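The values are calculated or read from the model by the stated rules, or taken from the named source; none is laboratory data. Just so it is clear, the model here is predicted, and its values are computed rather than measured. FYI the Cβ positions are ideal-geometry reconstructions off the backbone, even for glycines, and counts take in every protein chain you see. Protein only, heavy atoms only, side chains kept; ligands, DNA and RNA dropped before computing areas. Shrake-Rupley method; radii C 1.70, N 1.55, O 1.52, S 1.80 Å.
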Amino acid sequence: MTALPIKLASAGYATAIVGKWDMGFASAAAHLPLARGYQHSLVYAEHMNNYFTKRIEPTGTSCANASLYDLWEDARPATELVGNDTQYIDDIFHARALEVVANFTAQRFLGGAAQRLYLDYRPHSMHWPLMVDQASYENHSWVGDDEPGCKFRFYGDAVWPGAPSDTFSCRRQYQAMLSNLDRRIGEVVDALKAAGLWDSTLMTFMSDNGGCVSLKENAGNNWPLRSGKYHPFEGGVRVASMWSGGYLPPSSRGTVSKGLISVADYCAFCARARTTLLPPPLPPPLPPPPPPPLFNSHTFSNPQT
């Protein structure tokens, strides 16, 4: 199988991934992002780790040694980014995402050879464990009707390093994490606009699974869909998704489509459109090409039919 970044890189895109990998790490040469078409990466390889220590989470990990640091830059351990247990991992990823945009804009990415940027930004939030910095936690004291159920699958120093053992307030932790996620994405959008890239940007936002309904994790609510993460019912496999960016036709903005789309559809669409999305390297840059019918539809029918 040829991965999407390989297709896009072959069409002249700069490709970068920041955040969660969780797609194999048996060897750097064959399984980390550089082997799958990404030209730059800063990721953690497992499916969850400690937001502050950057170590593999000891319960539920597929690694025998749960004390390992798990942060990788390209094909090497990112040793210079671990050791500071007060630094939140999503702050590291966010700073790198902004750096990728800045380097691309200044033509420092790949020596300035790439004409388009594919940035795969995968923050650790909102994945369990519900860890957040103290200031963000205290700024959400307004969250009420709370419960401490998520503490039963915590470890180490709990909500943040050195936090009191009675700190657990799971909805408050979740809301604080979500507010920070929203702020970070907004700052990436602001960076794209400041760089003059927003008008030709197609931004997609999606989850990889439905919320976990267990009180010991995130206590998600997928109503009216049945069940949640770890299960094949719609609550586990059906999620909301969003398109944004200047590339989206104005007539489609603010609308809702109820058609079904899978992750595989995204891959197929981008692979088919990769050559038409590339303007010729002539100054001044040409406007983006017309979007495909899927992004310009007002029928809201199933795009797979």
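Assorted remarks:
- Charge dipole of the stretch 49-197 (Cα centre as origin; +1 on each Lys and Arg Cβ, -1 on each Asp and Glu Cβ, all else neutral): 420 debye, rounded to the nearest 20.
- Given R0 = 51 Å, the distance between the Cβ atoms of V256 and A28 translates into a calculated FRET efficiency of 0.75.
- Within the accessible area of the stretch 100-236 (1.4 Å probe), percent carbon and sulfur: 50 percent
- Over the stretch 173-219, the Kirkwood radius and the radius of gyration, each from Cα atoms, give a ratio Rg/Rh of 1.14.
- Taken along its principal axes, the alpha carbon cloud of the stretch 139-201 reaches lengths of 47, 26, 18 Å, longest axis first.
- Rounded Å value of the spacing that divides the Cα centres of the stretch 133-205 and the stretch 22-36: 28 Å
- Average accessible area per residue (Å²) across the stretch 128-248 - probe 1.4 Å, nucleic acids and ligands excluded: 55 Å²
- Calculated P(r) tail over 17 Å for the stretch 151-265, as whole % of Cα pairs: 69 percent
- Rg and Dmax over the alpha-carbon atoms of the stretch 5-153 stand at 17.1, 54 Å.
- For K151, the lysines whose Cα falls under 20 Å of its own Cα, not counting residues fewer than eight places away in the same chain, are K54, K216, K229.
- Space enclosed by the convex hull of the alpha-carbon atoms of the stretch 72-157, per residue, Å³: 158 Å³
- Cα-centred dipole magnitude for the stretch 127-250, charges only on beta-carbon of K, R (+1) and D, E (-1), debye, nearest 20: 340 debye
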